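So the structure is just underneath, and the comments pick up after that.
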Amino acid sequence: MLIVVATLGAPAARAAEPAATFDPIVFELEDGNGVDFVTNSSRTDHRHQPETMVSGVALLDYDNDGFLDVYVVNGAKMTELDKTDPVFWNRLYHNKGDGTFEDVTEKAGVKGDHYDLGVASADYDDDGFADLFVAGLRKNDLFRNKGDGTFENVTEKAGFNKPDPEYGTLWSVAAAWVDYDNDGDLDLFVSNYCVWDPKTEPLCGPKGLNDYCHPNNYHGLPNSLYRNDGDGTFTDVSVESGIRKVIGKGMGLGIADYDGDGWSDIFVANDTEPNYLFHNQGDGTFEEIGFMAGVAYPEAGRPLSGMGADAKDIDDDGKPDIFHTALSSETMPIFHNKGDLFFMEITARAGVSSLTLSRSGWSNGIVDFNNDGRKDLFVCGGDVMDPEGEFKERVPQTNLVMANLGAMKFKDATGDAGPDFSTKKGVHRGGAFGDLDNDGRVDAVVTDLHGPIEVWRNVSPTPNHWLLIRTVGTRSNRDGIGAKIKAVTPSRTRYSHVNTAVGYGGSSDPRVHFGLGSDEVVTTLEITWPSGVVQTLHNVEADQVLVVTEPEA
């Protein structure tokens, strides 16, 4: 019999006034650490649309040594989509634990063989080792971690080797591991973009100076949902689940239980189409409620160029919010969860409209970088157009970090985030977040289209405390994805949940990070597992990586 020892929830409280200042957020660009990846989308004179959309990055501990490794996906030769040239290989870098990394791509067997865009990491077969799903053009891949430092490509065996049944093609951008039916194993949601055929793709831009076409030149694709059958295979349940009822141009994903009913919901940022919010009805089906929920459009009432997305409880009121990126002149919305599946866009009143109006963003994250207990916002900056085209210097941009002042107010912290961070421009695309050196400060890894990858080490000079939680499921999926965590400290209560999907085709640290400010102890740590088991720990000391295993009964 299931015994519930506690329940999530917090009494309504009057919002505190925002702080006048914030603890410093500082990043240092690491060079010579062995992560020598360069994104190569095989840019051609035609400027095929996929060339501007590479690539995603994942942070995972593939060998269970306690340190996050880095996996980056790459393009392939246009238009053959051939990856035989090593400049197009995906790369896996092993974290040696001393600040350096080793390229183990060939040994691990994860270089890939086609044009890739996004990646999602999780232990889908519950064997204790993190696996990789790679989203791509014309083909997706599932790499199963064998636990001996190598991976096996099990795409065909798993049932992922099929194009869209109606359109006969495939262009996947992002994916998320989620136990949508709460049966204890991880299912997979795949965000699909457009129908693409290089033979019929139009030429766009000024004559003699081709550039990438507007998305309205392409027909959208429906997204996909695959149910884990528990035997290494997956069944496409997109039709019966209701996912295929709508067609957008899917990009970033925000995974969370937005209404607190115990079932994970799925937000999809669409490119120039209304966003989707798939509400999980708990019976294997979803209802698309983006318009009714208030997340389909911003307040201006027209669709944005939705790129990256992240879902976390920004203001710690017990309800996950949504932050997604867009292009310049559009702003990047914050949708504040008001409860009962209703969101209010607060971008302007949060100060984020003015900070993002002139910027373009791809991947993004909601992360407490200075451990003050308030989650900050990160944007991987770069325009969609060709830096060699008519837009030239406006295409490369710096990344952007916005410090949380409390009371849902934000301030641009980029200028003081270090000399490299405030000046380093790039055509940034993918991004993932995690504590690479286990020092309690969350780092960022960002890809640069046709440029070297950027590893931003968090060196914020803060005395604040922190807690990093690794969940291990027994009745639930082994990673504990979907578990909700409530951390009560002497000063306040904070909320988060386990999820690896982040930004634009990225996959972040599976461990849940809490900045604790001056609090040295978490008086009550409450974990609500996907199985329904609620586990409570008391007087947890700060400044540690805590492994919590789900009770078996």
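The values are calculated or read from the model by the stated rules, or taken from the named source; none is laboratory data. Quick caveat, the model's predicted, so the values are computed rather than measured. When we count neighbours, we look across all protein chains shown, and the Cβ atoms used for this are built from the backbone with ideal geometry, even at glycine. Each accessible area value is taken on the protein alone, full model and side chains, heavy atoms only, with ligands, DNA and RNA left out. Shrake-Rupley method; radii C 1.70, N 1.55, O 1.52, S 1.80 Å.
Some observations on this one:
- Region 214-267 - residue that is among the acidic types (Asp, Glu) and open to solvent by 10 Å² or more (accessible area, probe 1.4 Å) and, of those, farthest from Phe343 (Cα to Cα): Asp231
- Residue match in region 79-89 (condition: without any contact (Cβ under 8 Å) to a residue 60 or more places away in the chain, basic (Lys, Arg), over 21 Å from Cys380 (Cβ atoms) and open to solvent by 50 Å² or more (accessible area, probe 1.4 Å)): no
- Counting only strands (runs of 3 or more DSSP E) that fall entirely inside region 326-418 and contain at least 1 residues that are over 30 Å from Leu467 (Cβ atoms) and touching a helix residue (DSSP H, G or I) at 6+ places or on another chain (Cβ under 8 Å), the qualifying elements are 342-345.
- Verdict on Tyr115 being open to solvent by 10 Å² or more (accessible area, probe 1.4 Å), over 26 Å from Asp265 (Cα atoms) and touching a helix residue (DSSP H, G or I) at 6+ places or on another chain (Cβ under 8 Å): no
- Residues in region 212-263 that are touching a Lys or Arg at 6+ places or on another chain (Cβ under 6 Å), touching a residue at least 40 places away in the same chain (Cβ under 8 Å) and under 26 Å from Arg475 (Cα atoms): Thr235, Val237.
- Residues that are out of contact with any strand residue (DSSP E or B) (no Cβ under 9 Å at 6 or more places or on another chain), open to solvent by 10 Å² or more (accessible area, probe 1.4 Å) and farther than 29 Å from Gly99 by Cβ do occur in region 475-488, at least one of them.
- Elements of the type strands (runs of 3 or more DSSP E) sitting completely within region 21-101 and holding at least 2 residues that are within 22 Å of Gly308 (Cα to Cα) and within 24 Å of the chain's Cα centre (by Cα): these cover 57-60, 69-72.
- In region 418-474, residue farthest from the chain's Cα centre (by Cα) [restricted to those that are open to solvent by 20 Å² or more (accessible area, probe 1.4 Å) and among the acidic types (Asp, Glu)]: Asp420
- Selection over region 263-306 of residues that are on the phi > 0 side of the Ramachandran plot and at pLDDT below 95 gives a count of 1.
- Residues of region 102-120 that turn out to be within 22 Å of Asn140 (Cβ to Cβ) and either assigned to a strand (DSSP E or B) or of a type in the set (Gly, Ala, Ser) (or both), as a count: 8
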